[in-house]
1. Please give the peptides 22-29, 194-201, 224-231 ranked by average Cβ packing (other Cβ atoms within 10 Å per residue), highest first, as a rough proxy for protection.
2. Report the convex hull volume per residue for region 230-276, counting only C-alpha atoms, in Å³.
3. Would you calculate a helix-derived [θ] at 222 nm for the chain, using -39,500 (n - 2.57) for each DSSP H run of n ≥ 4 and dividing by the full residue count, to the nearest 500?
4. Considering amide H positions built from the backbone, and no H for Pro or chain starts, which residues 5 or more places from I150, or on another chain, come under 5 Å of its amide H?
5. Would you kindly enumerate the cysteines in the chain that have no other Cys beta-carbon under 4.7 Å from their beta-carbon?
6. If you line up the long axis of helix 288-309 against the longest principal axis of the chain, both from Cα atoms, how many degrees apart are they, to the nearest 10?
7. Just to check I understand the Karplus step: with θ = phi - 60° and J = 6.51 cos²θ - 1.76 cosθ + 1.60, what whole-Hz values come out for region 177-182, glycine and proline as x?
8. Output ³J(HN,Hα) for region 217-223: one whole-Hz value per residue in order, computed from phi by the Karplus curve 6.51 cos²θ - 1.76 cosθ + 1.60 with θ = phi - 60°, and x for Gly and Pro.
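Quick note: the coordinates plus some simple rules give every number you see, no bench work behind them. Every value quoted in this text rests on a predicted model; they were computed, and no experiment measured them. Reconstructed Cβ throughout: ideal geometry from the backbone, glycine too, with neighbour counts over all protein chains shown.
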Amino acid sequence: MSGENIHNVIIIGSGPAGYTAGLYGARAMLEPLMFAGYMSGGQLMLTSDIENFPGYPQGIGGAEMMMQLREQAERFGLKVEDKNVERIDTSSQPYSVWVEGEEHKAHALIICTGAEAIWLGVEGEEEQKGRGISTCATCDGAFFRDEEIIVIGGGDSAMEEATFLTRFASKVTLIHRRDVFRASKVMQERAENHPKIEIRTFRQVKKWLSDEKGLSGAILEDPRDGSTEEIACTGAFIAIGHKPITGFLEGQIETDDSGYIIHKDHTMTSVSGVFAAGDVVDTRYRQAITAAGMGCQAAIDCERWLEDNIH
Ligand code: NAP
C-alpha cells in the first residue's frame, strides 16, 4: 500500500476476469483487494461444464474452475471479501469504494462485475419467477424431473440450457423468434440431434399461463403474422442474453447505451486509473477465456499506470 488505508488497487467483481486480474495484480506485488460480491464467482458458478477453456481436455465444472482461480490468486496474496460494492466515487484521488456503508480507498480500480440474465418481461412473468420460470438451468433444472420444459433463445446459452435440461425433463422445446441462430454450430447441432429436444422457430412468448400449482404453459406468437398458439409446460428457462452490471457506477464511468463500460485506452475507462475487464465491457466475445485474458490485460495496464502516475 502506498499510504495508510489506501490500497493500490481494488478489484470489483470476481468472475474469470476479476480473478485473473487479482492473480496478476498479486504477483506484481500490488496487494490487491477484491470485493467479490455476495455471490462470488459470477455467472460461471451457475454453469455446468466448461468445455472450451484451453487446458481442460475433459472439461471442468464452472464452480470448480472459479474456486481454483480464486485459490490460485489467493496463493499469491489476493485478499477477497465476499461483499457487494454499493457505489464508487472517482471525482478525486484516491478513489472511494463503498461496501456495506464503509468507505475504502484505492488509487486504481479494476471493474469486473460481469453481466446478469435478461428476462422477457411479458405478462405473467413476475408472478411465476421461482414458481416455474427461471434463467438458470443449473440452479433449477432438477426441480423439473420428468416434466415438459421450454427454453427461450437462439444463442449458445439456450442450446446449452436445453441440452443440460434433458437430464431431467421428459421433453424440452426450444423456442426461438427467428430461424437463424446465434449459437455456435457445435452447440446447435448437439441440441438439434438430441432426441428429447424439439426446436420451434418463429415463435415468441406473448404471455405465461398458470394454475394453482404454478406455471402451466405459454401463449406463443408467430412474429411473421401475429398468429398465436398455446404450449403446455411446467418449467420455462429464459436464455435470451445478459446485461452488464454497472448500476452501482451511477454514471461515473462512461458506458454505451446498453450500460456496457467503454474502453478509452486499452483497458482503461473514461476515468484515468479505472480499468474494466470481462463481460461488463464485452459486447462481442463474452467467453470465459476472453474474460480471463482481458483481466490479465487490465492488471498489466493498471500496474503500469500506477508506476507512471502514483509511485
Ligand atoms: P446471445 O448470443 O446474445 O443470444 C441471445 C438469443 O436470445 C438470440 O437468439 C436472440 O434472438 C434471443 N433473444 C434476445 N432477446 C429476445 C427476446 N426479447 N425475445 C426472444 N428472444 C430473444 O446470448 P447468449 O446465448 O446468452 O450468449 C452470450 C455469449 O455467451 C455469446 O458470446 C456466447 O457464445 C457465450 N456463451 C458461450 C457458451 C459456451 O461456449 N459454452 C455458453 C453460453 C454462452 P435473435 O438472434 O433473434 O436476436
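1. On the way: 22-29: 22.1, 194-201: 15.4, 224-231: 10.9.
The packing order, highest mean first, is 22-29, 194-201, 224-231.
2. Working: hull volume 5.6 nm³, N = 47.
In region 230-276, the Cα hull volume divided by residue count equals 120 Å³.
3. Numbers: 7 runs with 74 residues, N = 311.
So the calculated ellipticity at 222 nm is -7000 deg cm²/dmol.
4. Long-range HN contacts for I150: T173, G235, A236, F237.
5. Flagged as lacking a Cys partner: C112, C233, C296, C302.
6. Between helix and principal axis, roughly 20 degrees.
7. 7, 10, 10, 10, 10, 7
8. x, 8, 8, 9, 10, 8, x
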